[in-house]
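Asker: Mind having a look at this structure? Questions to follow.
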Amino acid sequence: MKKRRAARLVVPEILSIALFLLFLFPFFIVVVNSAKAPFEITQSPLSLPTDWMKILLNVYTIWTSANVQYASSFMSSVIITVSSLVLLNVLSSQAAWVLVRTRTRLSTGIFIVFVAAMVIPFQIVMFPLLTWFREIANLTGVRLLRSYAGIILAYIGFGMSQSIFLFHGFTKSIPFELEEAATIDGCAPAQTFYRIIFPLLRPIHATVLVLNGIWIWNDYLLPLLILGKGNNVMTIPLAVSNFAGAYVKQWDLILTAILMAMVPIVILFLFAQRFIIKGMIAGSIK
Amino acid sequence: MRKAKHPAIFWLFLAPVLFAFVVVIVIPFVLGAYYSFTNWSATARVGDALKLVGLANYAGILRDPSFTYSFIITVVYTLLNMIAINIVSFGLAMLVTQKLFGRNVYRAGFFVPNLIGGLILGYVWQFIFDNAVPSLGTFLGFASWADPANLLLAHNTTALLAMVVVGTWQYAGYIMVIYVAAIETIPQELIEAAQIDGASTFRRLRSITLPMIRQALTVTLFITLVNSFKQFDVNVSLTGGGPSAMFLGQPIYGTQLLAMNIYNQGLKSDDMAGGQARAVVFFLVLVIISVIEVSVNKKKEVEL
């Protein structure tokens, strides 16, 4: 019986391996062509490179390219993604908590408006957002275009609805007695939340981090509008598109830039694979 | 227990998100709705006296073949993408929920494309379609593949299909993960009982697996539908909207999806008011899709 079952799994195993290789084939293409010279790419884009050391030269070219500004773009992407994620997790979870624990019409109304806002596509607010952010700078002197503050604020605005929705669902399932005990022991409300509830929300924190992390790190349109291409604050996707626009069809260098954009994410994924996949599932089933 | 109806902590904890919500969503949303009825332009300021033009911007959409064309191909793209992604990801999920040696490795491999942004993926596939595929053709003995006139991205229909290929490759792993989670909740006894009763694989799929994952199916269909409809990044980097084509007697971009059409109308054609009116139409379509989704879900809950 056992042997038969094993034999039956040979076909799916081979099929899976074939599909696995097919899925990773584009990554293979990126890696081998990042180690080629331009003429080598046009002649044989599928073969292994003749000289792997060429990859260092290409990486050096991208590293020093004024269009990419790799180190600075990478840092900007990290600053924007991490700040947005931290703020989204803290602010959405505390908002969800007071919305769950305050049972009034106003509280329910606010929650419903937040949830309804999930339907709003970026496209309908993107043009007015530009005019409006420019106006805020004129009125108050606070610069939101081409600044970290502006883009992080935008990510909080666009990410909060879904995050609050996720936290709200989970917070509801936490028994109220837990908080009562803390209150009797003399905990202030804010303390009760941060000491007792916040740590219990861990699975949802994971989901909010993963869903928003993948979105914010890779997002192109919002940074394109708020930061613009070729400014001192650029994200990795902006940098890649800026380079691809300036070096049309110079695939050896474009693919190297892409490789350098991919490597950090793939490394992060290898370390946090279980965490990421679990977070993805929890977020989508809700 | 509560003295005030809304204690200080209520407003204190809500204030930051309310602020972000009002500044980033509410105000631009209201401004945008208003602007779509005016002669608004890129350089206009919030306080400027804009001229109300009634429905002129919306009437302009009806007279614009490029928007009609974008709308049609976006619907086609969305349907094809939805079907392709769901079939592929369900197949992958069926594979990796069996007791295979490398199933965790396969799962990770299928998921990886989802971590990389659509913009970057689009460039990679542009290279594959323009360079790797012709080279593969030469290798396999199909010389015609290498003819520049036969490149997949050189024709509207095949370029649109190319976008479906990239979209499927990008999302299949993510949707697969949702199916895997659903399939793993199916009690093993159910499948074993069916096996003992002599049910074929196909029969088990139809009578056990599919009914048991129906809830996941509504989720995945909705996610793929909305994401495909909003596609922008892959469109920009893979085809850039091209190649050009003729539609209703006018030259238009052959693969320009709606999101790109809105962007180009507003910023490239410097017609912010027109772009905004297009965005309002885009938004209304998404609202209709969401309302349908919610009502379908409600109905299902009643049935259960």
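Computed from the coordinates by the stated procedures, all read-outs in this text should not be read as laboratory data. Fair warning: this is a prediction, and the values are worked out from it, not measured in the lab. Don't worry about glycine lacking a Cβ; one is built from the backbone with ideal geometry, like all the others, and counts go over all protein chains shown.
Asker: Which stretch or stretches of region B:132-165 have amide N atoms under 15 Å from the point lying 7 Å from B:L79's Cα along the Cα→Cβ direction?
Answerer: B:161
Asker: Where nothing but the Cβ of Lys and Arg (+1) and of Asp and Glu (-1) is charged, how large is the charge dipole of region A:2-62 around its Cα centre, in debye to the nearest 20?
Answerer: Taking the Cα centre of region A:2-62 as origin, the dipole is about 700 debye.
Asker: Here is a follow-up. Apply the a/c threshold of 1.5 to the C-alpha gyration tensor of chain A and tell me whether it is rounded, prolate or oblate.
Answerer: Since a/c reaches 1.5 but b/c is at least a/b, the shape of chain A is classed as oblate.
Asker: Given +1 on the Cβ of Lys and Arg, -1 on the Cβ of Asp and Glu, and no further charges, what dipole in debye does the protein assembly as shown carry about its Cα centre, rounded to the nearest 20?
Answerer: 1200 debye
Asker: Give the total of Lys-Lys pairs in chain A with Cα-Cα distances below 20 Å; include a pair only if its members are 8 or more places apart or on different chains.
Answerer: So the count works out to 6.
Asker: Would you list the membrane-span-like helices of chain B, meaning whole DSSP H runs whose alpha-carbon atoms span at least 18 Å along their axis and whose mean Kyte-Doolittle value is at least 1.6?
Answerer: Flagged H segments are B:8-20, B:65-96.
Asker: How would A:V86, B:V236 line up from fewest to most surrounding beta-carbon atoms within 10 angstrom?
Answerer: Placing the least packed residue first, the sequence is A:V86, B:V236.
Asker: Got a sec? Charge dipole of chain B, +1 on Cβ for Lys and Arg, -1 for Asp and Glu; which of B:T97, B:M212, B:F232 is way out at the positive end?
Answerer: Result: B:M212, furthest along the dipole toward the positive end.
Asker: Just grab the label-to-label distance for B:T157 and B:L136, each label 7 Å out from Cα along the Cβ direction, in nm (one decimal).
Answerer: According to this spin-label approximation, the distance is 2.1 nm.
Asker: Under a 10 Å cutoff between Cα atoms, tell me which one of B:V165, B:V76, B:V23 has the largest fluctuation in the Gaussian network model of chain B.
Answerer: Its mean-square fluctuation being the largest, the pick is B:V23.
Asker: If amide H atoms are built 1.01 Å from N in the plane of the peptide, which residues on other chains or at least 5 residues away come under 5 Å of the amide H of B:T38?
Answerer: Placed amide hydrogens put B:V53 under 5 Å from B:T38.
Asker: Quick one: the Cα spread of chain B along its three principal axes, in angstroms, biggest first?
Answerer: Principal-axis extents of the Cα atoms in chain B, largest first: 79, 76, 32 Å.
Asker: B:I252's amide H: which non-local residues (gap 5+, or another chain) put their own amide H closer than 5 Å, with H modeled 1.01 Å from N in plane and none for Pro or chain starts?
Answerer: B:A245, B:M246, B:F247
Asker: Averaged across B:125-134, how many Cβ atoms of other chains sit within 10 Å of each residue's Cβ atom?
Answerer: Across B:125-134, the average partner-chain Cβ count within 10 Å equals 5.
Asker: Quote to one decimal, in nm, the extra length available between B:A8 and B:D270 on full extension: 0.36 nm per residue of separation minus the C-alpha distance between them.
Answerer: Length gained, B:A8 through B:D270: 89.6 nm.
Asker: Which of rounded, prolate, oblate describes region B:1-148, given a ≥ b ≥ c as roots of the alpha-carbon gyration tensor eigenvalues and a/c under 1.5 marking rounded, otherwise prolate only if a/b is larger than b/c?
Answerer: oblate
Asker: Moving to a separate point now. Projected onto the charge dipole of the protein assembly as shown (+1 at Lys/Arg Cβ, -1 at Asp/Glu Cβ, origin at the Cα centre), which of A:A154, B:N86, A:A18 gives the Cα projection farthest towards the positive end?
Answerer: Sorting the options by dipole projection puts first B:N86.
Asker: Now a separate question. Assigning unit charges at the beta carbon (Lys, Arg +1; Asp, Glu -1) and nothing else, what dipole magnitude in debye, to the nearest 20, does region B:64-303 show about its Cα centre?
Answerer: Roughly 460 debye, rounded to the nearest 20.
Asker: Check every DSSP H run in chain A and write down those whose alpha carbon atoms cover 20 angstrom or more along the long axis and whose mean Kyte-Doolittle hydropathy is 0.5 or greater.
Answerer: A:10-33, A:70-101, A:122-140, A:148-172, A:202-218, A:251-285
Asker: Partner chain Cβ atoms within 10 Å, averaged over the residues of A:110-117 - can you pull that number for me?
Answerer: Across A:110-117, the average partner-chain Cβ count within 10 Å equals 2.
Asker: Compute the normalised compactness of the protein assembly as shown: alpha-carbon radius of gyration over 2.2 N^0.38 Å, N being the residue count.
Answerer: Against the compact-globule rule of thumb, the ratio is 1.03.
Asker: Based on the Cα gyration tensor of region A:2-62, what are the three equivalent ellipsoid semi-axes, each the root of five times an eigenvalue, rounded to whole Å and given largest first?
Answerer: 38, 11, 9
Asker: Under a plain spin-label model, where a point goes 7 Å from the Cα along Cα-to-Cβ, how far apart in nm are A:A190 and A:R202?
Answerer: Each label point lies 7 Å from its Cα, and together they span 2.6 nm.
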